[in-house]
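Report on the following structure.
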Amino acid sequence: MTKVANRLKSEQMYHCLKQVIPAGVNSPVRSFPGLQMTPLVVESAFADTLVDIDGNHYIDYCLSWGALICGHAHPKIVEAVTKRVALGTSYGCTTPIEEKLARKVTECIPSIEKVRFVSSGTEACMSAVRLARGATKRRIVIKFQGGYHGHSDSFLVQAGSGVTGLNGTSTSSGVPKEYFQWTACLPYNDIEAFEQFISDPQISEDLACVIIEPIATNMGLVAANKSFLECLRRRCTELGALLLFDEVVSGFRVGIGGAQALYGITADLTCLGKIVGGGFPAACFGGKKEIMDLLAPLGSVYQAGTLSGNPVAMEAGVQMLSLLQSGKGTFYAELEKKTKSLTDPIQKYLLEHDLNICLQRVGSCFTLFFGVKKVTCAADALKCDTARFGDFFRYLFARGIYIPPSQFEICTVSSVHTEEHLQRTKEVCLEYLQMG
Ligand SMILES: Cc1ncc(COP(=O)(O)O)c(C=O)c1O
(Lines give C-alpha, C1' and ligand atoms only; values in the text may rest on other atoms or scores of the structure.)
Protein backbone atom coordinates (compact mmCIF):
# COMPACT_ATOMS: atom_id res chain seq x y z
CA MET A 1 0.00 0.00 0.00
CA THR A 2 1.61 3.22 -1.15
CA LYS A 3 1.27 6.72 0.14
CA VAL A 4 -1.36 8.90 -1.50
CA ALA A 5 0.73 11.27 -3.55
CA ASN A 6 -1.29 12.92 -6.24
CA ARG A 7 -5.01 13.76 -6.16
CA LEU A 8 -5.12 16.24 -9.01
CA LYS A 9 -7.80 14.43 -11.04
CA SER A 10 -9.94 14.04 -7.92
CA GLU A 11 -9.66 17.76 -7.20
CA GLN A 12 -10.60 18.69 -10.76
CA MET A 13 -13.50 16.25 -10.87
CA TYR A 14 -14.81 17.40 -7.50
CA HIS A 15 -14.81 20.94 -8.83
CA CYS A 16 -16.98 19.75 -11.78
CA LEU A 17 -19.25 17.73 -9.51
CA LYS A 18 -19.92 20.79 -7.35
CA GLN A 19 -21.14 22.71 -10.38
CA VAL A 20 -24.06 20.34 -10.94
CA ILE A 21 -24.67 18.56 -7.60
CA PRO A 22 -24.98 20.40 -4.24
CA ALA A 23 -21.58 20.10 -2.52
CA GLY A 24 -20.75 17.59 -5.27
CA VAL A 25 -22.36 14.74 -3.34
CA ASN A 26 -25.64 12.85 -3.12
CA SER A 27 -25.40 12.34 0.66
CA PRO A 28 -23.84 15.01 2.91
CA VAL A 29 -21.11 13.10 4.77
CA ARG A 30 -19.49 12.04 1.47
CA SER A 31 -18.28 15.65 1.15
CA PHE A 32 -15.94 15.15 4.15
CA PRO A 33 -17.61 17.98 6.10
CA GLY A 34 -15.23 19.85 8.40
CA LEU A 35 -12.18 17.97 7.16
CA GLN A 36 -10.96 20.70 4.79
CA MET A 37 -9.96 18.36 2.03
CA THR A 38 -11.23 17.10 -1.29
CA PRO A 39 -13.43 14.07 -0.72
CA LEU A 40 -12.71 10.69 -2.15
CA VAL A 41 -13.74 10.45 -5.82
CA VAL A 42 -13.90 6.73 -6.53
CA GLU A 43 -13.10 4.94 -9.77
CA SER A 44 -13.54 1.33 -8.68
CA ALA A 45 -13.18 -1.10 -5.80
CA PHE A 46 -12.27 -4.73 -5.17
CA ALA A 47 -12.22 -6.83 -1.98
CA ASP A 48 -11.04 -4.52 0.86
CA THR A 49 -9.70 -1.79 -1.41
CA LEU A 50 -11.05 1.42 -2.95
CA VAL A 51 -9.31 3.02 -5.94
CA ASP A 52 -9.72 6.75 -6.60
CA ILE A 53 -9.70 8.36 -10.03
CA ASP A 54 -6.02 9.23 -9.60
CA GLY A 55 -5.20 5.55 -9.14
CA ASN A 56 -4.51 5.78 -5.38
CA HIS A 57 -5.46 2.69 -3.37
CA TYR A 58 -7.11 2.83 0.06
CA ILE A 59 -7.82 0.03 2.53
CA ASP A 60 -11.54 0.56 3.10
CA TYR A 61 -13.11 0.51 6.58
CA CYS A 62 -16.25 2.36 5.48
CA LEU A 63 -17.42 -0.38 3.11
CA SER A 64 -20.34 1.60 1.74
CA TRP A 65 -21.35 2.53 5.30
CA GLY A 66 -21.31 -1.04 6.54
CA ALA A 67 -23.15 -2.68 3.64
CA LEU A 68 -20.25 -4.65 2.19
CA ILE A 69 -19.53 -7.19 4.89
CA CYS A 70 -18.01 -9.51 2.26
CA GLY A 71 -16.04 -6.71 0.62
CA HIS A 72 -16.34 -5.00 -2.76
CA ALA A 73 -17.34 -6.83 -5.92
CA HIS A 74 -17.54 -10.25 -4.28
CA PRO A 75 -17.25 -12.73 -7.21
CA LYS A 76 -20.29 -14.74 -6.13
CA ILE A 77 -22.51 -11.66 -5.96
CA VAL A 78 -21.12 -10.20 -9.19
CA GLU A 79 -21.70 -13.45 -11.09
CA ALA A 80 -25.27 -13.95 -9.88
CA VAL A 81 -26.24 -10.33 -10.40
CA THR A 82 -24.77 -10.27 -13.90
CA LYS A 83 -26.90 -13.29 -14.85
CA ARG A 84 -29.94 -11.67 -13.28
CA VAL A 85 -29.50 -8.35 -15.12
CA ALA A 86 -29.71 -10.18 -18.44
CA LEU A 87 -33.16 -11.44 -17.45
CA GLY A 88 -34.51 -7.91 -17.09
CA THR A 89 -33.86 -5.35 -14.39
CA SER A 90 -37.31 -4.44 -13.11
CA TYR A 91 -40.78 -5.85 -13.76
CA GLY A 92 -43.10 -4.11 -11.32
CA CYS A 93 -44.54 -7.57 -10.61
CA THR A 94 -43.92 -10.08 -7.86
CA THR A 95 -41.09 -12.62 -8.38
CA PRO A 96 -39.77 -15.88 -6.86
CA ILE A 97 -36.49 -14.19 -5.87
CA GLU A 98 -38.44 -11.99 -3.42
CA GLU A 99 -39.79 -15.12 -1.72
CA LYS A 100 -36.26 -16.50 -1.52
CA LEU A 101 -34.83 -13.46 0.21
CA ALA A 102 -37.89 -13.02 2.45
CA ARG A 103 -37.57 -16.67 3.49
CA LYS A 104 -33.89 -16.17 4.35
CA VAL A 105 -34.64 -13.05 6.40
CA THR A 106 -37.34 -14.85 8.39
CA GLU A 107 -35.02 -17.83 8.96
CA CYS A 108 -32.23 -15.62 10.29
CA ILE A 109 -34.37 -13.33 12.45
CA PRO A 110 -37.15 -15.31 14.13
CA SER A 111 -39.09 -12.21 15.30
CA ILE A 112 -39.74 -11.48 11.62
CA GLU A 113 -42.56 -13.67 10.33
CA LYS A 114 -43.35 -11.50 7.32
CA VAL A 115 -41.30 -8.84 5.63
CA ARG A 116 -41.77 -6.01 3.13
CA PHE A 117 -38.90 -4.91 0.91
CA VAL A 118 -38.24 -1.27 0.16
CA SER A 119 -35.29 0.56 -1.40
CA SER A 120 -33.60 2.32 1.54
CA GLY A 121 -33.24 2.28 5.30
CA THR A 122 -35.07 5.60 5.42
CA GLU A 123 -38.09 4.05 3.75
CA ALA A 124 -37.95 1.00 6.02
CA CYS A 125 -37.97 3.08 9.22
CA MET A 126 -40.57 5.54 7.97
CA SER A 127 -42.89 2.71 6.89
CA ALA A 128 -42.37 0.70 10.08
CA VAL A 129 -43.34 3.69 12.22
CA ARG A 130 -46.44 4.30 10.10
CA LEU A 131 -47.33 0.66 10.58
CA ALA A 132 -46.77 0.92 14.35
CA ARG A 133 -49.05 3.95 14.50
CA GLY A 134 -51.64 2.21 12.34
CA ALA A 135 -51.51 -0.97 14.43
CA THR A 136 -51.81 0.78 17.79
CA LYS A 137 -53.99 3.69 16.63
CA ARG A 138 -51.72 5.92 18.70
CA ARG A 139 -49.52 8.88 17.83
CA ILE A 140 -46.40 9.21 19.99
CA VAL A 141 -43.07 7.75 18.89
CA ILE A 142 -40.03 7.72 21.17
CA LYS A 143 -36.57 7.85 19.62
CA PHE A 144 -33.20 8.40 21.26
CA GLN A 145 -30.62 11.16 20.94
CA GLY A 146 -27.77 10.16 18.68
CA GLY A 147 -29.91 7.56 16.90
CA TYR A 148 -30.43 7.96 13.17
CA HIS A 149 -33.35 6.35 11.40
CA GLY A 150 -33.08 7.97 8.00
CA HIS A 151 -34.14 11.39 6.83
CA SER A 152 -37.94 11.25 6.89
CA ASP A 153 -39.55 14.36 8.41
CA SER A 154 -40.69 13.00 11.75
CA PHE A 155 -37.25 11.60 12.66
CA LEU A 156 -35.34 14.84 12.16
CA VAL A 157 -35.82 15.96 15.72
CA GLN A 158 -33.58 16.61 18.68
CA ALA A 159 -34.59 17.01 22.31
CA GLY A 160 -35.88 20.42 23.34
CA SER A 161 -33.46 22.53 25.33
CA GLY A 162 -33.28 21.37 28.90
CA VAL A 163 -36.30 19.11 28.51
CA THR A 164 -36.33 15.56 27.38
CA GLY A 165 -39.26 14.37 25.39
CA LEU A 166 -41.69 16.18 23.14
CA ASN A 167 -41.37 19.87 22.12
CA GLY A 168 -38.03 19.28 20.45
CA THR A 169 -36.59 21.18 17.54
CA SER A 170 -35.95 19.93 14.04
CA THR A 171 -32.43 19.18 12.87
CA SER A 172 -33.40 20.30 9.37
CA SER A 173 -35.15 23.32 7.96
CA GLY A 174 -38.13 22.53 5.78
CA VAL A 175 -39.82 20.42 8.45
CA PRO A 176 -42.88 22.10 10.02
CA LYS A 177 -43.17 21.37 13.74
CA GLU A 178 -46.52 19.63 13.15
CA TYR A 179 -44.56 16.90 11.33
CA PHE A 180 -42.49 15.94 14.36
CA GLN A 181 -44.68 17.06 17.23
CA TRP A 182 -45.43 13.46 18.14
CA THR A 183 -41.80 12.34 18.11
CA ALA A 184 -40.10 12.42 21.50
CA CYS A 185 -36.34 12.33 21.75
CA LEU A 186 -34.85 10.89 24.95
CA PRO A 187 -31.28 10.20 26.10
CA TYR A 188 -29.83 6.83 25.06
CA ASN A 189 -29.17 4.28 27.81
CA ASP A 190 -31.09 6.36 30.38
CA ILE A 191 -33.77 4.26 32.08
CA GLU A 192 -34.71 7.03 34.50
CA ALA A 193 -35.42 9.60 31.78
CA PHE A 194 -37.49 7.02 29.89
CA GLU A 195 -39.49 6.00 32.98
CA GLN A 196 -40.11 9.59 33.89
CA PHE A 197 -41.32 10.42 30.39
CA ILE A 198 -43.78 7.57 30.17
CA SER A 199 -45.07 8.11 33.74
CA ASP A 200 -47.49 10.70 32.32
CA PRO A 201 -50.65 8.75 31.30
CA GLN A 202 -51.32 11.21 28.48
CA ILE A 203 -48.04 10.03 27.01
CA SER A 204 -48.14 6.32 27.83
CA GLU A 205 -51.71 5.89 26.57
CA ASP A 206 -50.80 7.52 23.27
CA LEU A 207 -47.43 5.75 22.83
CA ALA A 208 -47.35 3.92 19.48
CA CYS A 209 -43.75 2.72 19.50
CA VAL A 210 -40.22 3.09 20.73
CA ILE A 211 -37.65 3.04 17.93
CA ILE A 212 -34.02 2.38 18.80
CA GLU A 213 -30.74 1.28 17.28
CA PRO A 214 -29.99 -1.51 19.80
CA ILE A 215 -26.37 -0.97 18.95
CA ALA A 216 -26.06 2.70 18.12
CA THR A 217 -23.90 3.41 15.09
CA ASN A 218 -24.61 7.03 14.33
CA MET A 219 -22.85 8.66 17.29
CA GLY A 220 -19.90 6.34 16.81
CA LEU A 221 -20.25 2.81 18.12
CA VAL A 222 -22.28 2.78 21.35
CA ALA A 223 -23.91 -0.44 22.52
CA ALA A 224 -27.11 -0.19 24.52
CA ASN A 225 -26.97 -1.55 28.06
CA LYS A 226 -28.89 -4.81 28.23
CA SER A 227 -30.91 -3.52 31.21
CA PHE A 228 -31.96 -0.51 29.14
CA LEU A 229 -33.25 -2.65 26.26
CA GLU A 230 -34.94 -5.00 28.73
CA CYS A 231 -36.69 -2.04 30.30
CA LEU A 232 -37.90 -0.83 26.88
CA ARG A 233 -39.12 -4.34 26.04
CA ARG A 234 -40.99 -4.76 29.30
CA ARG A 235 -42.57 -1.31 29.31
CA CYS A 236 -43.66 -1.49 25.63
CA THR A 237 -45.45 -4.76 26.36
CA GLU A 238 -47.12 -3.36 29.48
CA LEU A 239 -48.23 -0.19 27.70
CA GLY A 240 -49.45 -1.85 24.51
CA ALA A 241 -46.81 -0.03 22.44
CA LEU A 242 -44.51 -1.67 19.88
CA LEU A 243 -40.74 -2.02 20.23
CA LEU A 244 -39.08 -1.26 16.93
CA PHE A 245 -35.42 -2.20 16.45
CA ASP A 246 -33.65 -0.24 13.75
CA GLU A 247 -31.08 -2.84 12.69
CA VAL A 248 -30.27 -1.20 9.37
CA VAL A 249 -26.61 -1.34 10.42
CA SER A 250 -26.48 -4.01 13.17
CA GLY A 251 -28.65 -6.50 11.25
CA PHE A 252 -26.47 -9.27 9.73
CA ARG A 253 -23.43 -7.29 10.94
CA VAL A 254 -23.07 -8.26 14.60
CA GLY A 255 -24.34 -11.79 13.94
CA ILE A 256 -26.75 -13.55 11.63
CA GLY A 257 -29.63 -12.76 14.01
CA GLY A 258 -28.59 -9.14 14.48
CA ALA A 259 -28.46 -7.30 17.80
CA GLN A 260 -31.71 -8.88 18.95
CA ALA A 261 -30.10 -12.32 18.96
CA LEU A 262 -27.01 -10.97 20.71
CA TYR A 263 -29.10 -9.43 23.50
CA GLY A 264 -31.80 -12.10 23.52
CA ILE A 265 -34.51 -9.48 23.19
CA THR A 266 -37.38 -9.78 20.73
CA ALA A 267 -38.48 -6.73 18.78
CA ASP A 268 -42.04 -6.32 17.52
CA LEU A 269 -40.85 -4.73 14.29
CA THR A 270 -37.35 -4.74 12.81
CA CYS A 271 -35.82 -2.58 10.09
CA LEU A 272 -32.95 -3.95 8.02
CA GLY A 273 -30.91 -2.32 5.27
CA LYS A 274 -27.39 -2.18 3.89
CA ILE A 275 -26.19 -5.83 4.09
CA VAL A 276 -29.62 -7.23 3.18
CA GLY A 277 -29.33 -5.57 -0.24
CA GLY A 278 -25.90 -7.08 -0.95
CA GLY A 279 -24.57 -3.68 -2.04
CA PHE A 280 -27.71 -2.74 -4.00
CA PRO A 281 -30.52 -0.38 -2.95
CA ALA A 282 -32.70 -2.67 -0.86
CA ALA A 283 -33.93 -2.62 2.72
CA CYS A 284 -36.89 -4.12 4.54
CA PHE A 285 -39.03 -4.08 7.65
CA GLY A 286 -40.79 -7.00 9.23
CA GLY A 287 -42.41 -8.52 12.28
CA LYS A 288 -45.32 -10.64 13.38
CA LYS A 289 -47.82 -11.70 10.68
CA GLU A 290 -50.76 -10.00 12.43
CA ILE A 291 -48.97 -6.67 12.39
CA MET A 292 -47.50 -6.98 8.88
CA ASP A 293 -50.86 -7.97 7.41
CA LEU A 294 -52.17 -4.53 8.34
CA LEU A 295 -50.22 -3.22 5.33
CA ALA A 296 -52.06 -2.41 2.09
CA PRO A 297 -53.65 -4.12 0.24
CA LEU A 298 -54.66 -6.46 3.13
CA GLY A 299 -54.92 -3.67 5.65
CA SER A 300 -55.30 0.09 5.76
CA VAL A 301 -51.65 1.13 6.31
CA TYR A 302 -50.45 2.35 2.93
CA GLN A 303 -46.95 1.61 1.71
CA ALA A 304 -45.65 1.03 -1.83
CA GLY A 305 -42.66 1.38 -4.16
CA THR A 306 -41.92 1.10 -7.90
CA LEU A 307 -38.52 -0.53 -7.31
CA SER A 308 -39.41 -2.32 -4.05
CA GLY A 309 -38.22 -5.93 -4.20
CA ASN A 310 -36.18 -5.16 -7.30
CA PRO A 311 -35.00 -8.52 -8.70
CA VAL A 312 -31.36 -7.51 -9.12
CA ALA A 313 -31.16 -6.21 -5.55
CA MET A 314 -32.99 -9.31 -4.26
CA GLU A 315 -30.50 -11.56 -6.04
CA ALA A 316 -27.60 -9.67 -4.47
CA GLY A 317 -29.27 -9.98 -1.06
CA VAL A 318 -29.80 -13.73 -1.45
CA GLN A 319 -26.15 -14.23 -2.41
CA MET A 320 -24.97 -12.05 0.45
CA LEU A 321 -27.01 -13.90 3.09
CA SER A 322 -25.87 -17.24 1.64
CA LEU A 323 -22.27 -16.14 2.12
CA LEU A 324 -23.00 -15.21 5.74
CA GLN A 325 -24.66 -18.57 6.38
CA SER A 326 -21.86 -20.55 4.74
CA GLY A 327 -18.70 -21.89 6.37
CA LYS A 328 -20.41 -24.00 9.05
CA GLY A 329 -21.49 -20.96 11.02
CA THR A 330 -17.95 -19.69 11.54
CA PHE A 331 -18.35 -16.51 9.47
CA TYR A 332 -18.91 -14.16 12.40
CA ALA A 333 -16.32 -15.73 14.70
CA GLU A 334 -13.69 -15.36 11.98
CA LEU A 335 -14.74 -11.80 11.22
CA GLU A 336 -14.49 -10.85 14.89
CA LYS A 337 -11.06 -12.48 15.13
CA LYS A 338 -9.86 -10.39 12.17
CA THR A 339 -11.26 -7.24 13.73
CA LYS A 340 -9.67 -7.95 17.10
CA SER A 341 -6.28 -8.42 15.45
CA LEU A 342 -6.56 -4.75 14.52
CA THR A 343 -8.36 -3.31 17.55
CA ASP A 344 -6.92 -5.30 20.50
CA PRO A 345 -3.38 -3.89 20.19
CA ILE A 346 -4.80 -0.35 19.89
CA GLN A 347 -7.01 -0.88 22.94
CA LYS A 348 -4.03 -2.26 24.87
CA TYR A 349 -1.93 0.76 23.94
CA LEU A 350 -4.68 3.17 25.04
CA LEU A 351 -5.03 1.44 28.40
CA GLU A 352 -1.29 1.27 29.05
CA HIS A 353 -0.81 4.94 28.27
CA ASP A 354 -3.98 6.16 29.95
CA LEU A 355 -4.83 8.38 26.97
CA ASN A 356 -8.01 10.40 26.71
CA ILE A 357 -9.04 8.30 23.72
CA CYS A 358 -11.13 5.14 23.71
CA LEU A 359 -11.94 2.40 21.26
CA GLN A 360 -15.43 0.88 21.45
CA ARG A 361 -16.16 -2.30 19.50
CA VAL A 362 -18.93 -4.83 18.97
CA GLY A 363 -18.10 -7.69 16.61
CA SER A 364 -16.67 -6.23 13.42
CA CYS A 365 -17.68 -2.59 14.11
CA PHE A 366 -15.71 -0.07 16.10
CA THR A 367 -15.03 3.62 16.69
CA LEU A 368 -11.96 5.32 18.05
CA PHE A 369 -13.26 8.30 20.07
CA PHE A 370 -10.85 11.18 20.68
CA GLY A 371 -11.01 13.32 23.83
CA VAL A 372 -13.14 10.96 25.94
CA LYS A 373 -12.63 7.80 27.98
CA LYS A 374 -16.07 6.28 27.38
CA VAL A 375 -19.18 7.02 25.33
CA THR A 376 -22.58 5.74 26.46
CA CYS A 377 -24.89 8.39 25.01
CA ALA A 378 -25.04 11.36 22.63
CA ALA A 379 -24.02 13.83 25.37
CA ASP A 380 -20.75 11.89 25.83
CA ALA A 381 -20.17 11.72 22.08
CA LEU A 382 -20.61 15.47 21.76
CA LYS A 383 -17.64 15.95 24.12
CA CYS A 384 -15.32 14.35 21.56
CA ASP A 385 -12.43 16.26 20.10
CA THR A 386 -13.51 16.40 16.46
CA ALA A 387 -10.45 18.44 15.43
CA ARG A 388 -8.21 15.63 16.73
CA PHE A 389 -10.36 13.09 14.88
CA GLY A 390 -9.86 15.14 11.69
CA ASP A 391 -6.12 15.04 12.21
CA PHE A 392 -6.24 11.26 12.69
CA PHE A 393 -8.44 10.82 9.62
CA ARG A 394 -6.04 12.82 7.41
CA TYR A 395 -3.04 10.89 8.76
CA LEU A 396 -4.63 7.58 7.80
CA PHE A 397 -5.95 8.85 4.47
CA ALA A 398 -2.53 10.10 3.39
CA ARG A 399 -1.22 6.58 4.07
CA GLY A 400 -3.89 4.85 1.99
CA ILE A 401 -6.34 3.95 4.78
CA TYR A 402 -9.93 5.13 4.50
CA ILE A 403 -12.18 5.25 7.57
CA PRO A 404 -15.60 6.98 7.58
CA PRO A 405 -14.93 10.72 7.47
CA SER A 406 -16.63 11.61 10.77
CA GLN A 407 -16.06 10.98 14.48
CA PHE A 408 -19.71 9.94 14.73
CA GLU A 409 -19.60 6.98 12.36
CA ILE A 410 -18.33 3.42 12.69
CA CYS A 411 -15.49 1.56 11.05
CA THR A 412 -16.33 -1.92 9.78
CA VAL A 413 -14.18 -4.86 8.78
CA SER A 414 -15.09 -7.29 5.99
CA SER A 415 -14.46 -10.99 5.60
CA VAL A 416 -11.95 -10.19 2.84
CA HIS A 417 -9.71 -7.76 4.70
CA THR A 418 -6.27 -9.29 4.40
CA GLU A 419 -4.00 -9.97 7.34
CA GLU A 420 -1.41 -7.73 5.73
CA HIS A 421 -3.84 -4.80 5.44
CA LEU A 422 -5.10 -5.21 8.99
CA GLN A 423 -1.54 -5.28 10.33
CA ARG A 424 -0.58 -2.24 8.25
CA THR A 425 -3.64 -0.34 9.58
CA LYS A 426 -2.78 -1.30 13.15
CA GLU A 427 0.79 -0.05 12.69
CA VAL A 428 -0.31 3.28 11.21
CA CYS A 429 -2.84 3.80 14.03
CA LEU A 430 -0.24 3.02 16.70
CA GLU A 431 2.29 5.26 14.96
CA TYR A 432 -0.24 8.10 15.10
CA LEU A 433 -1.04 7.52 18.77
CA GLN A 434 2.66 7.36 19.67
CA MET A 435 3.15 10.85 18.24
CA GLY A 436 1.00 12.06 21.15
C1 LIG B 1 -29.37 2.91 11.81
C2 LIG B 1 -29.79 3.51 10.50
N3 LIG B 1 -31.08 3.52 10.17
C4 LIG B 1 -31.51 4.01 8.99
C5 LIG B 1 -30.62 4.54 8.08
C6 LIG B 1 -31.10 5.08 6.78
O7 LIG B 1 -30.73 4.23 5.75
P8 LIG B 1 -30.58 4.76 4.23
O9 LIG B 1 -29.36 5.63 4.21
O10 LIG B 1 -30.46 3.51 3.43
O11 LIG B 1 -31.82 5.53 3.93
C12 LIG B 1 -29.26 4.54 8.38
C13 LIG B 1 -28.28 5.08 7.42
O14 LIG B 1 -27.11 5.07 7.60
C15 LIG B 1 -28.83 4.03 9.62
O16 LIG B 1 -27.54 4.04 9.97
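For the reader, a short list of remarks on this structure follows.
- Multiplying the residue separation of residue 18 and residue 391 by 0.36 nm and subtracting their alpha-carbon distance yields 131.8 nm.
- Sites residue 298 and residue 237, calculated FRET efficiency, Cβ-Cβ separation with R0 25 Å, nearest 0.05: 0.50
- Surface share of carbon and sulfur [accessible, 1.4 angstrom probe, percent] for segment 75-325: 54 percent
- Relative contact order of segment 24-145, taken over Cα pairs closer than 8 Å and 6 or more residues apart, is 10 percent.
- Calculated mean residue ellipticity at 222 nm for the chain: -11500 deg cm²/dmol, from DSSP H runs with n ≥ 4 weighted as -39500 (n - 2.57), summed, divided by the residue count and rounded to 500.
- Cβ-derived FRET efficiency at R0 35 Å, residue 289 paired with residue 206, nearest 0.05: 0.85
- Exceedance of the 19 Å cut-off in Cα-Cα distance is limited, within the set 348/373; 76/104; 348/374; 340/383; 76/426; 338/383, to 340/383; 76/426; 338/383.
- Of the residues 334, 247, 195, the one with the largest accessible area comes first in the ranking 334, 195, 247, computed with a 1.4 Å probe on protein heavy atoms.
- Set of aspartates and glutamates with alpha-carbon distance to residue 226 below 20 Å, sequence-local pairs under 8 removed: 190, 192, 195, 213, 238, 246, 247, 268, 380
- Whole-number percent relative contact order across the chain, with pairs defined as alpha carbons under 8 Å at least 6 apart: 22 percent
- Averaging the sequence gap over all C-alpha pairs within less than 8 Å and six or more residues apart, then dividing by the number of residues, gives segment 280-436 a relative contact order of 19 percent.
- Residues in the chain average 43 Å² of solvent-accessible surface per residue, probe 1.4 Å, ligands and nucleic acids excluded.
- Sequence-ordered 3J(HN,Hα) estimates for segment 255-271 from the Karplus curve with 6.51, -1.76 and 1.60 and θ = phi - 60° stand at x, 5, x, x, 5, 5, 6, 4, 8, x, 10, 9, 8, 7, 9, 10, 10 Hz, glycine and proline given as x.
- Cα-centre dipole for segment 75-325 with unit charges at Cβ (Lys and Arg positive, Asp and Glu negative), debye to 20: 540 debye
The values are calculated or read from the model by the stated rules, or taken from the named source; none is laboratory data. Not measured: the values here are computed from a predicted model. Please note: Cβ atoms are built from the backbone with ideal geometry, for glycine as well, and neighbour counts cover all protein chains shown. These accessible areas exclude ligands, DNA and RNA; they are computed on the full protein's heavy atoms, side chains included. Shrake-Rupley method; radii C 1.70, N 1.55, O 1.52, S 1.80 Å.
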